[in-house]
Every structure is written in C-alpha cells, then in structure tokens.
Amino acid sequence: MESRNKKTVFLYLAPAIIISVIFLYLPIIINLFESFYSWGALSPKKSFVGLDNYVRMFKDKVFLVAVKNNLLFVIGSVTCQIGISLIIASVLEAKFMRKTQRFFQTVYFIPSLLMATVVGITFKMIYSPSLGIVNPMLKSLGVDTSHIDLLGNASSATLSIVGMSQWQYIGYTVILFLVAIQNISEDLYEAASIDGASPLKKFLYITLPQLKDTILINTIITVTGSIREYDEVFVTTNGGPGSSTETLATYLYKAGFKNDQMGYASAIAFFIFIITFLIGLLQMRSYHMEDNN
Amino acid sequence: MKKKVLALLLVGAMMIGSLSGCGKESTSDNSASSDNTADVTEAAGDEQVTITLLNKYPEEGYVEYFEGAIADFEKANPNIKIKMENVSDAAMKDKLSVLASGGDMPDIYFSWSGEYLKKFVRAEKAIDLTSYLQADPDWANGFLPAFLNESTFDDKTYAIPYRSSVLYMVYNKKVFADNGLETPTTWDEFLTVCDTLKTNGITPISFGDSENWYTAWWVGQLNSMLVDPETLSVDYNPATGSFTDPRYEKAVQYFLDLNSNGYLGENVNSKDYYQVREEFSAGLSGMILDATSQFSFYSDALGEDYGYFKIPTIEGAEGNAAAVTGGSEVYAVSSSCKHPDEAVAFLKFMTMKEQAIKQTTESGLPNAVIGGITEATSDATTVAAYVTAEEYTNIASWLDTAVDASVANAYMVSLQEGLDSKSASEIMADVQKAAAEVAKNYK
C-alpha cells in the first residue's frame, strides 16, 4: 500500500515537474550553452567562442550604461517605493487622517492599475517640450527651458523614466504597508503612549520593527522589478537617445532580435539570471533567519 | 481502483496537452522540386489546402482590403484557404527574426526587398520563384523592373513585390508661396530655401527621431548620392563591408549640418515621425522627407496643397544621380511550404494588374505594376510622383534594411547621439566597428 501511495504521489507531481523542467530549467541550461557560441537566427554559421561573449559584455560601453541605468532604477525605486511610501502609509494611518484615508489610498493606488503603455505614452506627452506641461510650468517659474527636453536629452532621459515609474508604483507599496501597519496590535501603541513615547519614537520603535518582513519582501519585489525593467523604457524612449536609457532587458532584446546576435544576448540573459537568482537566495536566507529567531 | 484509472487518465491528458506545444511539424515532404510541380498540382486538385500568410497591415483601412482580397481568392479557388496573420511595421522585424530562429516559418511571409530579403535567401528560407515567373510572362513583365530587380539575386527571383515606395521631399505649396520660394533642384538652393524659412520663423523641415529609424532615410539617401555605386555595394554586403571610405563621413556630416543649422526644428530626439508629419500637415513647417507610400496621408490632410520634388542633387558628388531611396514590400514563399503551387497562385492573384489597382484604390498602398498608379487610383501628385520615378534607374534600399541589422542599428543609435552632440567621425567609428564585427562572422 505504501509503495502504491508513493507511485500515486509521484504521478500527481509528475506534470508539474515535467512542465517546470521543460519550460524553466531546461531553457536556463540551454541558454547557458548558447552563450558560449557566436550565432544568429539568420547568420551563416554558429561557432564556439567560449567566454568571449562574457568578456565582450564587460568591455561593452552600452552594457555598462545599462547596468548603471538599472542601478539608478534600483536606487530610485527603493528610495521612493520603500522609504517614501512607508512615510506616506504611516501618515495615512495617523489618527487625524483616518477619515480621509480611503480617499488618499485610492488616489495613490489608481496609477498602479494602469498599463505601462498608457502611462508611458501619457508621460511622453507630459515631458514633451512642444506638447507637454512640464516645460511651460518650469518657464512660468522663471527657468530657462530652451535646453530642457526631458526625454530627448541623454542627460535627463533616464531619471525622467525613473520618476515616471515612481509615480506609477508608489501607491502599490503604500497599500501593502498600510495593510501591514493595520495588523500591528493597538496594544503596543497604547503601552507606548502610556510611557509617554512621541509619534516619531512610536514609528521608529514599534512600526518599523513590526514591519520588518513587509519591508524585506517589498524591497525584494522592487529590486528584482528594477533589474527586469523593460516596458517603461521601451514605450518612452526605446533605449534612446543613442543608448543612454538602455537597461539590461532592453539591451538584451535588441542584441538578440534587432542585431541578431543571439549568443551575446544569451550571455546578457545569463548575467540577469545570476543577479536575480542571488537576490532570490538572499530572500530565502532571510526567511530562514526569521524561523531560527 | 477506479480513482486510480481516472488519475492516470488526467495525468496523461495533462502531459499530452503540455507537450503538444513543443512538437514541430514534420517538414520531410517540403522539397517539391520544380520538375514535378505538375503532378503536385494535379494531386492537390481537390484536396483542401491551407496556406498561412504573414502580412504587415493590421491597421484599419488596410486590413479590410486584404481580408476582402483573400475572400475573393478563396471564392475563385475553393480548395485553398488562406490564413492571414497581421503584424505592425515596428514588430515585423522582430517577428521575422523570432520565426526564422524557431524554424516554423509561415508559408508566405512579408519581407522588404534588397538585403533584408537576401538574408532569408542565404539562410535558404525562401524558394526560388523564377520558374513560376517564366511560366507566365504576362505576370512577370507586368512589374516595374526596378522593383522586381530588388528581389532578384544572381538572376533568381525570390519574392514578389506588391507595394512600392520612392523617397521624395514633400513640401507645403502654401508655405512655399507665402514665402516666395521655388522648389530647389540643387543642394545649395535647398539650403537657401531652408535658410529663408528659418529666418521667417517657420521650421524648414519636419523631423523627429525618437524612434531613431528616420535618420536612416536621410543618411541612406545621402550615401547613395555621395558614394559611388561600386563602393556602396561592397560596403552594404555584410561579408565585405568596412565603411572606411571618407565619403560616408561626409554624408553623415551633410545631415548633421542640417540639424546644427536648426533646419530640422527643435528637440528632434523627443518627437517621432507621426508627430512631425502632423506638424507638417498643420502648416507648421515647409518640408518633410517622405515616401510615396505615405502620400495618401498628405492628400487626405492637405488636398491640393502638398507637392513633391526630387531630393536635391549635390554638385560634384560621385554617387549615382539617378538613384533614389525606395524599395518594395514583397511576399516570399517559405522553403518549408508544403504547397508552393497554391502559395504562388495566391501571390499571382494578389499582384496581377487588376487586383494591384484594386489594392491601391481601396487601401491607398501603391502597387508595383507598370501603369498601376493612375488618376483613378490615386491623387494627381502621387501619379506625377510615379511618372517622375520612371526617370530613376536605380533604387537604393532603405539603409535600415540594406545593410546588416547590427550595422544599421549602430548607424541609427549613433546618429541619434549625433543629433545631440556626437561628431560625424565618431558616428562612423561606431559603424565601422559594427561592420568589422559582422564581417568577422562571414570569414
């Protein structure tokens, strides 16, 4: 009976295992092998080049620009979607905001429901010097706008997209933090009040420690999201002007499907995989730490 | 026990479902050589055949025409069914690369003529259609030769042109009249026109490069004007291209000068083509570089008020003065197509004069047949533009489809930076690097 049970268990597990091997693990391994070759979908031959693609990657200026841009996304997203949204959430949860909390909650949350394409095209217009509203607003403040073209100048394009991304997703983490804050027992705050703790101290010594898990998970979500950043860049500048707003994902796509350098694209893909994998490991480790405590 | 059987069945069903997506269609009987085509046709006489078609016109106004044409064809050939998939212009290049690497090509697929098509020919993804054309001289001789030549390599024709396009400067007649301007024929006159418009506070040329392909039209045209055809064909061939000739840098410089003199308007890197052609149509600028395939847009927007002139010639330039950037869009038949006869029958139906004229009348897409653009199909300016086109002996393919994809990309990315601050020599250095990289793969 025992062995029969085992067989049945295996049978039930088999589809999931087979599907994840075929569609998840096998492609990762194939991708690693492909990255050792120089080849294209339409190129005449496929030749083994060893680690050349990886060497080339770290010498490639565009790749380094992409890494830098991803880091900008990480810094911007963690600052805004963790730091600022935590502050917004605790302000919304403050006693004097309770009545209007729902209203602000909705206002902050709506942008994150929009599609990246919609937000991208809208911001392309908002940022446009000829059609948009940013330049006229700056002008009315007395700024010389003749050289300001937010998405058209290499120096300002990446930060403009990072800003747009924060506008869209800040509300999402605000909601997550709000829910977590509401789960903190009122007793703790009451006890602190009796001891005469200031609101700031309550935030630092009760809210923050109690939110450790949520902060950790949100950080991991935002960081991996920033590393995979693709759609917002694709819609607004598609990596331009020049290659100043290229991210790892957009550059990977262009290397593979525009330049037909599939081997090189595979190498970039593997690099992204390694980074996200390490972050994943970090996540699992921190869960274990929780258990041990 | 019953439960176990049920579980087994479910597991089996799931596995089959999950695996079926990975299967590749058998392609063992795809090599129907031309000498036994007669048998194939007979055998296929009453058999139901489905032909897949990858097309480039999902937009409203175009898709209706293609659906109607397919319905007409199916009515006349009840044993053939055409299954069309439409993909937008921007997505097409990616889609074709993905399909080519996946190996499951549609029976008939869209391509641009010239180097772009050549890639498929080299990879043996397109069948030689010469024998079909020879079998029907009426069909073969009906095409404007320049366009059919664009799909012919080593005397073998690999694709059938159905849409033609030639690059011109489009201008706003009213703006020109208001400023007392005449259409220029030489580059110096052209610069004078630009200068006058700029002085009068009108943007001389509408231009926007946020999608970065628009520079390829300009520089491709300047290349064909400044560089002699022999050098061009060596450099445009991915196996031998080096782009070290100093005239390429000169071509880029001519273009960058237009920008630095302010003739292309402001903030070019954050505007796209669709935005600037609206600006032109609103009378905010004097000129725009565009192809005949888009003329119906200007005729709708400006009516009689738009005109065209040949791109001004540069004095002392060594390129082919009778060359113009343009090209055709073509249909190729995949080498994995199991029913090439039926596929060709459909192509013939689509590109015979009667249907070609219908295409232009109904969808506005200019056809590629002799005498196919008339007052009945198009507005007067477009008709005149096609008469002018007969003076051109040589079509220079769009730069972005004429050269290898990564060279084209190096060109377009660097030119976008050039509109900001990068110099012509730095731009050509990027292009040369990309060309060397590509040529290495052919050795």
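Among residues of region A:237-255 being at the interface with another protein chain (Cβ under 10 Å from one of its Cβ atoms), within 25 Å of B:K440 (Cβ to Cβ) and under 22 Å from the mean Cα position of the chain (by Cα), the one that is most open to solvent (accessible area, probe 1.4 Å) is A:Y253. Of all the listed residues (B:F120, B:F73, B:F143), the sole one being within 14 Å of chain A (Cβ to nearest Cβ) and touching a residue at least 60 places away in the same chain (Cβ under 8 Å) is B:F120. Being touching a helix residue (DSSP H, G or I) at 6+ places or on another chain (Cβ under 9 Å), in a helix (DSSP H, G or I) and hydroxyl-bearing (S, T, Y) is a property that B:Y109 lacks.
Counting the residues of region B:252-271 that are within 14 Å of another protein chain (Cβ to nearest Cβ), surrounded by fewer than 17 Cβ atoms within 10 Å (Cβ to Cβ) and either within 23 Å of the chain's Cα centre (by Cα) or among the charged types (D, E, K, R) (or both) gives 1.
Tell me, which residue of region B:195-240 that is in a loop (DSSP other than H, G, I, E, B) and of a type in the set (V, I, T) is surrounded by the most Cβ atoms within 10 Å (Cβ to Cβ)? So the residue we want is B:V227. Please pick out the residue among B:D209, B:D228 that is closer than 20 Å to B:T313 by Cβ and acidic (D, E). Just one listed residue meets the conditions, B:D228. For region B:177-192, the set of residues classified as in a loop (DSSP other than H, G, I, E, B) and among the hydroxyl-bearing types (S, T, Y) consists of B:T183, B:T185, listed by residue number.
When you scan region B:241-248, do you find a residue that is within 22 Å of the chain's Cα centre (by Cα) and in contact (Cβ under 8 Å) with a residue 12 or more places away in the chain, even just one? The answer is yes, given that some residue of region B:241-248 is within 22 Å of the chain's Cα centre (by Cα) and in contact (Cβ under 8 Å) with a residue 12 or more places away in the chain. Among residues of region B:399-443 being among the acidic types (D, E) and at the interface with chain A (Cβ under 9 Å from one of its Cβ atoms), the one that is least open to solvent (accessible area, probe 1.4 Å) is B:D404. Scan region A:239-254 for residues that are among the polar types (S, T, N, Q) and assigned to a helix (DSSP H, G or I) and the total you get is 1.
For every residue, the table says whether it meets (1) aliphatic (A, V, I, L, M); (2) part of a helix (DSSP H, G or I); (3) open to solvent by less than 20 Å² (accessible area, probe 1.4 Å); (4) without any contact (Cβ under 8 Å) to a residue 40 or more places away in the chain.
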| position | (1), (2), (3), (4) |
| --- | --- |
| A:V74 | yes, yes, no, no |
| A:V78 | yes, yes, no, no |
| A:Y108 | no, yes, no, no |
| A:G120 | no, yes, yes, no |
| A:A157 | yes, yes, yes, no |
| A:I175 | yes, yes, no, no |
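Annotation note: of A:I30, A:I17, the sole residue that is open to solvent by 40 Å² or more (accessible area, probe 1.4 Å), within 20 Å of A:T276 (Cα to Cα) and within 14 Å of chain B (Cβ to nearest Cβ) is A:I30. Evaluated against (1) within 14 Å of chain B (Cβ to nearest Cβ); (2) free of Cβ contacts under 8 Å to residues at least 60 places away in the same chain; (3) open to solvent by less than 50 Å² (accessible area, probe 1.4 Å), A:A197 falls short on exactly one condition, (1).
In region B:418-443, the residues that are in contact (Cβ under 8 Å) with a residue 60 or more places away in the chain and outside any helix (DSSP H, G or I) form Cβ pairs under 8 Å with partners that are charged (D, E, K, R) and open to solvent by less than 60 Å² (accessible area, probe 1.4 Å), at six or more places apart or across chains, as follows: B:L419/B:D209. Confirm whether B:D290 is under 29 Å from A:L131 (Cα atoms) and of a type in the set (D, E). Yes; evaluated as a whole, the condition is true for this residue.
The values are calculated or read from the model by the stated rules, or taken from the named source; none is laboratory data. Computed from a predicted structure; not experimentally measured. Positions of Cβ are backbone-derived with ideal geometry, glycine not excepted, and every protein chain shown enters the neighbour counts. Side chains are part of the model used for accessible areas, which takes the heavy atoms of the whole protein and leaves out ligands, DNA and RNA. Shrake-Rupley method; radii C 1.70, N 1.55, O 1.52, S 1.80 Å.
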